[in-house]
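Q: Quick one: structure below, then a few questions.
The values are calculated or read from the model by the stated rules, or taken from the named source; none is laboratory data. No experiment lies behind these values; they were computed from the predicted model shown. No Cβ is skipped: glycine too gets one built from the backbone with ideal geometry, and neighbour counts run over all protein chains shown.
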Amino acid sequence: MQVEVKRKLGALALDVSFGGDPGGVTALFGPSGAGKTSVINMVAGLLRPDQGRISIGGLCLFDSERGIDLPPDKRRIGYVFQEGRLFPHLSVRSNLTYGMKLIPIAEHKVKLEEVVDLLGIGPFFDRRPRLLSGGEKQRVAIGRALLTSPEALLMDEPLASLDAERKQELLPFIARISREFSIPILYVSHVMEEISQLTDHVVLLREGRVVA
Amino acid sequence: MDFFHLSMAELEAIRLSLRVSTWAVALSLPLGIGAAWLLSRKRFPGRQFLDGLIHLPLVLPPVVIGYLLLIGFGRNGIFGSFLYEYFGLTLAFQWTGAVLAAAIMAFPLMVRAIRLSLDNVDQNLEAAARTLGAGPIRVFFTVTLPLALPGVITGSMLAFARCLGEFGATIMFVSNIPGQTQTLPLALYTLTQVPGGEQGAMRLCLFAIVIAMLALLGSELLARRYGKLLGG
């Protein structure tokens with residue numbers, strides 16, 4: 001994953017460039033207001049950089065010079081949001097398969113049963129999202145993103161809304177995902193403990209710039 | 001109890017009203033959803049104008065709308081002559097014209113209700129659907145529209161009720177022909193103008209109340225059930 005983007009956001013002048021760890025977890029670390037979420041949104045295609053380049057694997061997602069700007073649905077990324085963002089009108093099952101059904105079966109690298117097993121979703125497979133606890137919701141959100149067999153997984157503080165116990169429960173899952181499915185993960189957080197459990201590859205962001 | 005026995009003319013008026021209202025709502029619903037979506041989500045030149053145009057039937061006297069329809073959609077009107085020439089379709093003084101008049105009069109109510117619920121749909125969920133590989137049209141039909149469904153139900157019900165009550169534009173555009181364009185309100189009015197019509201008028205009046213209550217209850221029930229499903 002190669003990211004090199006510039007964008008003015010109010011008082012914040014974002015100017016970030018880094019390369020991701022191709023095989024594992026890359027952490028985007030920094031205090032709130034540093035522009036972490038903006039960067040991840042740019043990779044997802046939800047926010048347009050003023051200038052720059054973004055590519056994952058061999059695929060160029062954005063290049064201001066060449067006029068490339070793939071829409072989010074063509075980027076082959078999975079995005080786990082801080083608040084889960086499960087579809088309230090769909091069951092857990094339909095949430096999980098929402099993105100999976102949109103890609104050809106030949107491209108399914110991740111199987112539904114595997115994900116359900118790995119994340120322990122089975123017990124609430126047929127429920128509605130509103131009946132789930134915070135931790136359960138986040139597991140479904142991770143599963144939903146994973147099942148699109150993405151080229152990369154973006155996670156924006158996926159544990160922020162959970163208590164310490166749930167966090168400890170979910171962290172090993174996240175570590176296993178990138179290993180078992182060999183999908184690179186870009187992991188945004190402002191909590192060092194989380195990051196140190198996941199990876200050594202840390203991009204430190206402060207006031208819109210990469211510090212280390 | 002002969003009082004509750006509807007005469008043929010009354011029955012016909014009720015059936016016509018139900019038919020006109022159902023068609024008017026069914027035909028204008030896709031347009032109403034489209035207009036509501038445009039107004040809720042898009043910023044474009046002429047947006048204020050479109051908003052005003054849609055709301056015009058709410059603020060203009062219905063008779064004025066009827067008159068405009070007569071000018072525009074009469075056999076010699078710009079649209080009317082076109083429709084007649086190419087489709088052999090006449091609207092003026094036909095029940096189909098009553099559908100058009102009712103649809104236009106009810107349109108603002110429908111659009112307002114749908115737009116309100118579209119405003120309340122969390123656009124973050126739409127963004128999430130995009131990242132899962134769904135294009136804009138698929139997102140609309142699988143996320144936006146289902147989440148706005150309570151508003152669509154309410155809007156349809158309001159429009160249906162408004163269509164049932166349509167009087168001014170209808171009588172102006174399609175006149176008051178028994179069995180053809182004489183809807184329930186027109187029949188009721190006619191009955192009050194003839195000696196001995198009081199009983200019939202009262203029957204139609206009661207019927208109007210019953211239909212309106214049923215529509216209200218039905219949509220309330222649907223919307224509540226669906227709201228519960230969403231956990232709202």
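Q: Just need a number here: residues in segment A:128-177 that are among the β-branched types (Val, Ile, Thr) and within 14 Å of chain B (Cβ to nearest Cβ).
A: 3
Q: So, residue B:178, is that one farther than 18 Å from residue B:223 by Cβ, more than 14 Å from chain A (Cβ to nearest Cβ), out of contact with any Phe, Trp or Tyr (no Cβ under 7 Å at 6 or more places or on another chain) and not hydroxyl-bearing (Ser, Thr, Tyr) or not? Even if it seems obvious, please write down each step before you answer.
A: Working: farther than 18 Å from residue B:223 by Cβ: yes; more than 14 Å from chain A (Cβ to nearest Cβ): yes; out of contact with any Phe, Trp or Tyr (no Cβ under 7 Å at 6 or more places or on another chain): yes; not hydroxyl-bearing (Ser, Thr, Tyr): yes.
Taking the combined requirement at face value, the residue satisfies it.
Q: Out of all the residues in segment B:72-86, is one or more hydroxyl-bearing (Ser, Thr, Tyr), within 18 Å of residue B:172 (Cα to Cα) and surrounded by 14 or more Cβ atoms within 10 Å (Cβ to Cβ)?
A: Filtering segment B:72-86 for residues hydroxyl-bearing (Ser, Thr, Tyr) gives B:81, B:84, B:86.
This time we only want the ones that are within 18 Å of residue B:172 (Cα to Cα), so: none.
The answer is no; no qualifying residue exists.
Matching residues to (1) in contact with a helix residue (DSSP H, G or I) (Cβ under 6 Å, 6 or more places away or on another chain); (2) over 17 Å from residue B:65 (Cα atoms); (3) among the basic types (Lys, Arg); (4) modelled with pLDDT of 95 or more:
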{"residue": "B:100", "(1), (2), (3), (4)": "no, no, no, yes"}
{"residue": "B:115", "(1), (2), (3), (4)": "yes, yes, yes, yes"}
{"residue": "B:127", "(1), (2), (3), (4)": "no, yes, no, yes"}
{"residue": "B:137", "(1), (2), (3), (4)": "no, yes, no, yes"}
{"residue": "B:150", "(1), (2), (3), (4)": "yes, yes, no, no"}
{"residue": "B:154", "(1), (2), (3), (4)": "yes, yes, no, no"}
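Residues are listed down the side, and each one gets a yes or a no for (1) under 29 Å from residue B:113 (Cα atoms); (2) at pLDDT below 95; (3) within 14 Å of chain A (Cβ to nearest Cβ); (4) outside any helix (DSSP H, G or I):
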{"residue": "B:195", "(1), (2), (3), (4)": "no, yes, no, yes"}
{"residue": "B:200", "(1), (2), (3), (4)": "no, yes, no, no"}
{"residue": "B:205", "(1), (2), (3), (4)": "yes, yes, no, no"}
{"residue": "B:209", "(1), (2), (3), (4)": "yes, yes, no, no"}
{"residue": "B:218", "(1), (2), (3), (4)": "yes, yes, no, no"}
{"residue": "B:221", "(1), (2), (3), (4)": "yes, yes, no, no"}
{"residue": "B:226", "(1), (2), (3), (4)": "yes, yes, yes, no"}
{"residue": "B:229", "(1), (2), (3), (4)": "yes, yes, yes, no"}
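Q: Can you tell me how many residues in segment A:155-187 are of a type in the set (Val, Ile, Thr) and part of a loop (DSSP other than H, G, I, E, B)?
A: Here is the first cut: in segment A:155-187, the ones of a type in the set (Val, Ile, Thr) are A:174, A:177, A:183, A:185.
In the following step, the residues that additionally are part of a loop (DSSP other than H, G, I, E, B) were identified as A:183.
Residues flagged as of a type in the set (Val, Ile, Thr) and part of a loop (DSSP other than H, G, I, E, B) within segment A:155-187 amount to 1.
Q: Ok, one more. What do you reckon, is residue A:80 in contact with a helix residue (DSSP H, G or I) (Cβ under 9 Å, 6 or more places away or on another chain) and away from chain B (no Cβ under 12 Å)?
A: No, not satisfied.
Q: Return the residues of segment B:121-173 that are of a type in the set (A, V, I, L, M), assigned to a loop (DSSP other than H, G, I, E, B) and touching a residue at least 12 places away in the same chain (Cβ under 8 Å); say none if nothing qualifies. Show your work before the answer.
A: Step one: filter segment B:121-173 for residues of a type in the set (A, V, I, L, M), giving B:121, B:125, B:127-129, B:132, B:134, B:137, B:139, B:143, B:145, B:147-149, B:152-153, B:157-159, B:161, B:164, B:169, B:171-172.
Right, trim to assigned to a loop (DSSP other than H, G, I, E, B) and you get B:121, B:132, B:134, B:148.
Matches in segment B:121-173: B:121, B:148.
Q: To continue, here is another question. If you check residue A:103 against the conditions, is it over 13 Å from the mean Cα position of the chain (by Cα) and of a type in the set (A, V, I, L, M, F, W, C)?
A: yes
Q: Those residues that are within 13 Å of chain B (Cβ to nearest Cβ) and touching a residue at least 40 places away in the same chain (Cβ under 8 Å), I need them from segment A:92-109; list them, please.
A: Within segment A:92-109, the first condition is being within 13 Å of chain B (Cβ to nearest Cβ), and the residues that meet it are A:94-104, A:107-108.
If the condition is that a residue be within 13 Å of chain B (Cβ to nearest Cβ) and touching a residue at least 40 places away in the same chain (Cβ under 8 Å), then A:95, A:96, A:97, A:98, A:99, A:100, A:102, A:103, A:107, A:108 are the ones that fit.
Q: Of the residues B:98, B:169, B:106, B:128, which single one is of a type in the set (Gly, Ala, Ser), within 14 Å of chain A (Cβ to nearest Cβ) and either at positive phi or crowded, with 23+ Cβ neighbours inside 10 Å (or both)? Steps first, answer last, please.
A: On the way: B:98 fails: within 14 Å of chain A (Cβ to nearest Cβ); B:169 fails: within 14 Å of chain A (Cβ to nearest Cβ); B:106 fails: within 14 Å of chain A (Cβ to nearest Cβ).
When all the criteria are applied, what remains is B:128.
Q: If a residue counts only when it is in contact (Cβ under 8 Å) with a residue 24 or more places away in the chain and surrounded by fewer than 19 Cβ atoms within 10 Å (Cβ to Cβ), which strands (runs of 3 or more DSSP E) contained entirely in segment A:1-91 have at least 1 such residues? Give the derivation first.
A: Working: elements: A:2-9, A:12-19, A:25-29, A:51-56, A:59-63, A:77-80.
Those strands (runs of 3 or more DSSP E) span A:2-9, A:12-19, A:51-56, A:59-63.
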